[in-house]
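Student: What follows is a structure written as structure tokens; I'll ask about it next.
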Amino acid sequence: MVLFSLVASHTDLDLETVARLSSGASEVSSELVAAQNAVAGLVTLATCNRYELYLHARSADDVGAARSAAVEAVSRYSGLPAAQVSDALATLQEDAVPRHLFSVSTGLDSAVVGEREIAGQVRRALSEAQDQGVTTPQLVRLFQAAAKTAKDVGSQTALGSRGMSIVSVALDLASAFHAAPSQDAPPPAGALSAAPCPPSGDAGPLSGMSAVLFGTGAYAGAAMAQLAQRGCTDISVYSSSGRADIFTASRGGTALNDDTLPGALANATLLVGCSGSDHQVTKADLAQLRHDNSPPLTVIDLALSHDFTPDIAELPGVELLTLETVRQAAPAEQEETLAQASALVTEATSSFGQAQNARSLDHAIVALRRHTMAVLDDELAKVRKQHGCSAATAEVEFAMRRMVKQLLHVPTVRAKELAAAGDTESYIAALDVLYGLKPTPEIIGSAVSAASATKAPDAGASLDGTAGTEATA
């Protein structure tokens with residue numbers, strides 16, 4: 001099987017197109033795997049800045065068919081022409097797949113370099129794929145390696161201590177506008193620092209503001225925490241799905257419904273959109289609610305599919321901040337920090353590739369073991385038929401099985417060495433010449449795949465049953 005990815009992100013596309021592509025993301029995943037086509041499994045990563053499919057093709061020859069199936073499904077659920085979808089989704093293969101995902105998970109590929117939320121989004125993408133039953137052991141190992149890389153970069157470089165995120169930069173901008181409402185443009189790139197946490201007893205930069213938060217997901221939770229850090233104590237929450245009561249019960253704030261939302265909008269000084277629901281607040285909606293005595297309003301739209309229509313910025317006293325505004329205002333990281341983080345990503349990519357190579361002959365090892373054990377079982381059956389199930393027979397069986405395991409140990413170790421060196425052909429050819437075996441990856445079977453999907457193999461549990469080291473990702 002072969003891993004490859006289809007990537008659409010803020011670095012190459014406008015966010016509107018990214019939002020369209022991600023429509024029906026879960027349906028695309030379920031349909032592709034259920035169709036029993038060239039796609040063996042996939043994990044979907046959809047965030048405010050990117051839509052990425054990490055796919056497992058059944059063989060190298062199936063990559064083209066798997067890509068075509070994915071493009072067709074995305075086109076059908078997004079409503080975009082297949083040709084446009086194909087052009088928008090860049091294809092990554094071989095080492096480019098883990099390198100890109102590891103860069104994404106560490107925040108190196110984010111609009112706000114080093115952002116914190118993305119690592120959690122990568123973990124949730126894998127969890128959701130596992131819940132849907134659409135992933136594979138190889139994809140699980142890939143995403144687990146991405147999570148580990150993100151943790152290493154966070155703990156070993158200055159990116160971890162910066163604490164930057166899209167939410168924190170957006171609220172820094174809101175604080176700046178609140179302090180200087182006449183300002184016509186966001187602070188220049190690099191002017192913002194990590195999210196401020198005022199000392200105990202001090203008023204934060206958003207103290208005295210009345211905020212309405214749209215959404216109840218993970219992004220909304222991060223926004224809620226950041227608002228509180230900045231001293232905003234008047235926070236109301238609206239959810240078109242009716243989950244505001246549950247959200248505020250554990251986090252604080254006031255739950256809004258369709259009846260109480262208009263009053264909150266009329267008096268708000270800050271709106272934060274994190275829901276991306278079908279319900280949008282329009283210029284006409286706010287114009288009806290806002291009056292001459294309404295305070296200046298800052299609107300932050302962080303949803304991939306907007307919570308607010310862009311024309312609300314035309315209303316007097318209303319300032320609109322979007323993901324593009326945040327990207328332009330995000331601080332630039334120091335060159336040394338980026339070099340350190342990039343080096344860790346490169347190292348993790350190399351380690352993952354070596355681990356994948358080491359596993360590439362697992363099917364051949366299983367084939368050899370099955371062949372050898374089948375011969376052994378035939379011989380033992382002859383012994384039992386001739387001598388019965390006596391103590392002597394049991395001793396002979398024990399000795400023969402121990403001998404076979406010892407004989408399999410060196411071929412197993414040699415297979416791992418050749419696989420790590422990228423020379424699988426020599427081992428496959430040797431099995432053909434010596435035993436007439438022509439193993440294929442499918443020979444491992446569902447039992448081995450299921451075990452690999454739930455946990456990484458540990459040292460001392462090699463496929464031949466002898467002590468040895470199993471490569472892990």
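Values in this text are rule-based calculations from the coordinates and carry no lab data. Everything quoted here is computed from the prediction, not taken from an experiment. Glycine also receives a Cβ, built like all others from the backbone with ideal geometry; neighbour counts cover every protein chain displayed.
Student: Just grab the label-to-label distance for Glu417 and Ser240, each label 7 Å out from Cα along the Cβ direction, in nm (one decimal).
Tutor: Modelled inter-label distance: 6.3 nm.
Student: Between Gln328 and Ala429, how high is the FRET efficiency from 1/(1 + (r/R0)^6) when r is the Cβ-Cβ distance and R₀ = 51 Å? Nearest 0.05. Provide the component values of the computation, followed by the final result.
Tutor: Details: r = 57 Å, r/R0 = 1.12.
The calculated FRET efficiency here is 0.35.
Student: Something else about it: R0 = 41 Å: FRET efficiency of Glu314 with Arg123, Cβ-based, nearest 0.05?
Tutor: 0.55
Student: For Lys148, go through the lysines and keep the ones whose alpha-carbon is under 30 Å away, minus same-chain ones fewer than eight residues off.
Tutor: Those lysines meeting the cut-off are Lys416, Lys455.
Student: Restricting to Cα atoms and excluding each atom paired with itself, what does the Kirkwood estimate give for segment 395-439 in Å?
Tutor: 11.8 Å
Student: Let me ask something additional. Please give the length that would be gained between Asp378 and Ala399 if that part of the chain were fully extended, namely 0.36 nm times their separation in residues minus their C-alpha to C-alpha distance (nm, one decimal).
Tutor: Details: separation 21, 0.36 × 21 = 7.56 nm, distance 1.52 nm.
Once the chain is fully extended between Asp378 and Ala399, it gains 6.0 nm.
Student: Going highest first, how would you order 28-39, 279-290, 249-260 by mean Cβ packing within 10 Å?
Tutor: 28-39, 279-290, 249-260
Student: With only alpha-carbon atoms counted, please give the Rg and Dmax of segment 363-420, in Å.
Tutor: Looking at segment 363-420, its Cα Rg and Dmax stand at 14.0, 46 Å.
Student: Same structure, new question: Treating the beta-carbon of each Lys and Arg as +1 and of each Asp and Glu as -1, no other charges, what is the dipole magnitude of segment 38-121 about its Cα centre, to the nearest 20 debye?
Tutor: 160 debye
Student: If you bin every alpha carbon distance in segment 1-56 into 10 Å steps from zero, what whole percent lands in each bin?
Tutor: 25, 51, 22, 2
Student: Report the convex hull volume per residue for segment 1-137, counting only C-alpha atoms, in Å³. Could you put the intermediate results ahead of the total?
Tutor: Values: hull volume 12.7 nm³, N = 137.
About 92 Å³ per residue, rounded to a whole number.
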